[in-house]
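Every number here is computed from the coordinates shown, using simple stated rules; none is lab data. These numbers were taken from a predicted model, which means no experiment stands behind them. With ideal geometry, Cβ positions are generated from the backbone for all residues, glycine too; neighbour counts draw on all protein chains shown.
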Amino acid sequence: MSAQLIRGLLLALLSALVALPVGYFFAEWAGWSLFCAGLCWQMLFHFRNFARLERWSKAPVVDGSLEGEGSWDGIFGRLYRHEKDLREQIARRDEEIGMLIAAGQALTDGVVLLDQNNHIVYSNTTAETQLGLAIRTDRGQPIVNLLRRPEFVAYLQEADFSRPLTLRSDRSGDRVLSIYLIRYAGNRRLMQIKDVTQTDLLDRMRRDFVANVSHELRTPLTVLAGFLETLQEIEVDHDERQRYLAMMSEQSKRMENIVQDLLTLSSIESAPPPENDIVDMANLIDKLRRDAEGLSAGRHTIVVESDGRGDLRGSEQELVSAFGNLVANAVRYTPSGGTVRLSWYTNAQGGEFAVQDTGIGIDPKHIPRLTERFYRVDRGRSRDAGGTGLGLAIVKHSLNRHQALLDIKSKPGLGSRFAARFPANRIAGV
Ligand code: ADP
């Protein structure tokens, strides 16, 4: 029997014990009245505490305002502690859920949780951006209502998720997304969305590069093979033979130049950061001037401008290669009688090496693509001038490795200016 019940019975018995002598010695009605009054007092006491409990249970607060009287105090105390523990547990659980959601938001991959019927339960902000969802309004919606691409719908229906699905994003056309579907908690699904645009681009660049190299080498190789066949099959006189041999040598030189430029490019790409040797700019510019005069063979005026101050810190070999390409291009794309001007100046912000010519110039639409491998404005002209299409790619890479920027200004028919701008920490001796 519970303590409360025993207590109630004892109090009733106490009332009876007090009421009995009164009824016996005084008057019966007085005894009954006293007994009833005792019971009523008990009931009142319990009703009052009961009312308190009811009030509190409608809006339970854990501020200590729940106080009971007598035996109710123990009950209220236990209830209060229980409510407090429950609240603490909920708060801990909320915190854990909050952390999980924050972790989901911090993921660089998109995540969408779907229920058994492929309705959206949750998505992080990355997925919202990738798929154009808005979780506030889209929660509970079937995913196929929002991602309607037929290949995605088929993938979801097929339910074979051993391979990811690659989608080109509808929203920002050049984004490529890789979607993985993972089963969890029975037949629920977790969508993991990776942005593979960069990898896709690199893949495409690699394929284009291989195709370009093959194409560039195949042309001179075909010419060479043609001449060889002719020489093997047909009797030709001495002069004709010499002419063929000269053309064959020209083609093999062209292949050699391409291979040499490819090797330079790959060695720059895979090399560790350039050394910090001091490159004597006066010497370097003098060498470049001599090279320019050699290439020009008297067809151009070569001018050098410099206040003779400051040298460069970096790899001499890479800088010679970069500047040499700019000078060779200036001579190559400037008709006879033109001027090629080399300049080197430094100030507090850094240094600038520039090559300016009065040549054919470049249409502005080509300028952003000039440093791409094998990009040429005029393929035939470049080839005739002995170009490989790799010169400016080498320039860009070498300059990048020296934290320098390539600035290109050009006007068709008037000439071009290619400037390499180096930051102050690359300049020595000023
Ligand atoms: P290429 O070996 O064909 O010269 P580059 O990468 O050095 O290759 O240059 C890419 C293209 O940029 C060239 O084919 C040419 O069309 C253009 N170009 C480069 N330098 C100049 C210049 N100084 N004047 C005009 N066009 C230039």
Cα Rg, Dmax (largest Cα-Cα span) when computed across the stretch 154-293, Å: 27.2, 85
Hey, got the Cα dimensions of the chain along the principal axes, in Å, largest first? 159, 60, 35
In terms of modelled amide H atoms, which long-range or inter-chain residues lie less than 5 Å from the amide H of SER315? GLU275
Ranked from highest to lowest mean number of other Cβ atoms within 10 Å per residue, what is the order of the peptides 353-366, 25-38? 353-366, 25-38
Hey, fewest Cβ within 10 Å first, where do ILE182, ILE258 land in order? ILE182, ILE258
With just the Cα atoms defining each centre, how far is the stretch 272-329 from the stretch 226-260? Give it in Å. 34
Given axes a ≥ b ≥ c from the Cα gyration tensor, I'd like to know whether the stretch 94-133 is rounded (a/c under 1.5), prolate (a/b larger than b/c) or oblate. oblate
Taking H as built 1.01 Å from N, whose amide H comes closer than 5 Å to the amide H of LEU177, not counting residues under 5 places away? LEU167, ARG168, SER169, VAL196
Order the peptides 264-276, 281-293 from the highest to the lowest mean number of other Cβ atoms within 10 Å of their residues. 281-293, 264-276
Looking at the stretch 3-93, I'd like the Rg to Rh ratio, where Rg is from alpha-carbon atoms and Rh is Kirkwood's inverse mean 1/r. 1.22
